[in-house]
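What follows is a short report on a single structure.
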Amino acid sequence: MPHATPTRLLFVCMGNICRSPAAECTMKALIADQRLGDRLECDSAGTIGYHVGNAPDSRMRKAGRLRGLDISGQARKLVHQDLIDFDLVLVMDGENLRDARALAQSDNEKNKIKRLLDFTTTHHGENVPDPYYGGEDGFHLVLDLVAEACKGVLESLCIESP
C-alpha cells in the first residue's frame, strides 16, 4: 500500500556539483534497487549559488559511470523553504552545516539538519571532503563515503523493501 507522504531527503554541499549530486544519485539508485520510490524522495542543493543551473562536475559524472551510477541533475541553491519541505537535510561538512543552520528559523528546522557521515559506522562525524580542487581519487573517495552513508540513512529510517 503506498504511503501518503514519502520521506523527503535533501543532500547539501557547497556548489551542488560534486558531493551532493553524488549522494542524491546514489540514494536514488538505492531507492530504485529496493523499490522504495513510494516511500522516499530525494534532491540536492548547494549553499552557494555560483554553479546554479550547471550539471554535476564532469569528473564526478565519470567516476559515477565507472560504478554504473548516473550522476545527473542541475545545481540549485539551498533556500529556507527547503528546511520546511524536506524531512532530513544531510550536509557534507561543517561549513555546509553552519550555512544550512543559518537559514533555519526554528528548532524543528535546525533539528532536520544532520551531517551525512553521522550515518556511517566507519567515518562517523567526519566531513565528506570536497574533491573539486583535487585529483581523480577524491571523487572515488566521495562515492565510497556517500554509498556507505546512504545505506546508513536507509537503516536509520527503518524503511524496509516491500
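The table for this structure:
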item	result
Filter pass, Val89 being of a type in the set (A, V, I, L, M) and exposed (fewer than 13 other Cβ atoms within 10 Å of the Cβ)	no
Only one of Leu116, Leu154, Leu78, Leu143 that is in contact with a Leu (Cβ under 6 Å, 6 or more places away or on another chain) and surrounded by 13 or more Cβ atoms within 10 Å (Cβ to Cβ)	Leu116
Residues of the range 121-153 satisfying the condition of being out of contact with any Lys or Arg (no Cβ under 8 Å at 6 or more places or on another chain), touching a residue at least 60 places away in the same chain (Cβ under 8 Å) and over 17 Å from Thr47 (Cβ atoms)	His140, Ala147, Ala149, Cys150, Lys151, Val153
Any hit, the range 105-120, residues being over 17 Å from the mean Cα position of the chain (by Cα), under 26 Å from Asp57 (Cα atoms) and aromatic (Phe, Trp, Tyr)	no
Hits in the range 33-71 - residues which are at pLDDT 95 or above and among the hydroxyl-bearing types (Ser, Thr, Tyr)	Ser44, Thr47, Ser58
Candidate set: the range 61-75, residues that are over 14 Å from the mean Cα position of the chain (by Cα) and either hydrophobic (A, V, I, L, M, F, W, C) or over 15 Å from Cys25 (Cβ atoms) (or both); chosen: the one surrounded by the most Cβ atoms within 10 Å (Cβ to Cβ)	Ala63
Residue in the range 17-32 that is under 18 Å from Asp93 (Cβ atoms), in contact with a His (Cβ under 9 Å, 6 or more places away or on another chain) and touching a residue at least 24 places away in the same chain (Cβ under 8 Å) present	yes
Filter result for Leu40 (out of contact with any Pro (no Cβ under 8 Å at 6 or more places or on another chain) and surrounded by 15 or more Cβ atoms within 10 Å (Cβ to Cβ))	no
Members of the range 1-38 found to be of a type in the set (A, V, I, L, M, F, W, C) and either in a helix (DSSP H, G or I) or more than 17 Å from Gly73 (Cα to Cα) (or both), listed by number	Met1, Ala4, Ala22, Ala23, Cys25, Met27, Ala29, Leu30, Ile31, Ala32, Leu36
Exclusive hit being surrounded by 15 or more Cβ atoms within 10 Å (Cβ to Cβ), out of contact with any helix residue (DSSP H, G or I) (no Cβ under 8 Å at 6 or more places or on another chain) and among the small types (Gly, Ala, Ser), set Ala23, Ala29, Ala100	Ala29
Number of the condition not met by Leu88 [criteria: (1) farther than 21 Å from Thr120 by Cβ; (2) aliphatic (A, V, I, L, M); (3) in contact with a Leu (Cβ under 7 Å, 6 or more places away or on another chain)]	(1)
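The values are calculated or read from the model by the stated rules, or taken from the named source; none is laboratory data. Owing to the predicted nature of the structure, the values given are computational and were not obtained by experimental measurement. Positions of Cβ are generated from backbone atoms using ideal geometry, with glycine treated the same way; all protein chains shown enter the neighbour counts.
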